[in-house]
Amino acid sequence: MKRKQIYIDAAQEREVKWLAARRGTSEAFVIREAVARYIADEVERDEGTSPDAGGPPSTAELDADPLLGIFGIADPGLPPDGSVTHDADLYRASRRTARRRTSPRNRQ
């Protein structure tokens, strides 16, 4: 997955937040879903031409992807959108590991 930064207007932001909350998903997922549908519509309109040889997967193929079924099966105590806090979570984890490695008890 590639990271992209986009600008949306205030009304679009409200609608994305509302959809994400209603569905219990992340805002990023709502945006990715919208982009996938837009691309599928454009490819269909352009008679299947695509920069990829096989063309992008359809929305139905994306929905049928078994990997999508694993989202949300982690510890229910975790935040529903780990992408919001992943930097802090990773940083805290790496600090704990670093402390263990440099702890006086671990030095020989």
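Bear in mind that the values in this text are calculations on the coordinates, not laboratory data. Owing to the predicted nature of the structure, the values given are computational and were not obtained by experimental measurement. FYI the Cβ positions are ideal-geometry reconstructions off the backbone, even for glycines, and counts take in every protein chain you see.
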Completion exercise
Residues meeting the amide H criterion for S26 (H placed from the backbone, H to H distance under 5 Å, 5 or more places apart or on another chain) are none
Exercise for the section: Let me know the Kirkwood hydrodynamic radius for segment 3-48, please, with Cα pairs as the basis and the value in Å to one decimal. Expected result: 11.7
Problem - Cα→Cβ-extended label distance, 7 Å offset, between A21 and V35, nm - result: 2.4
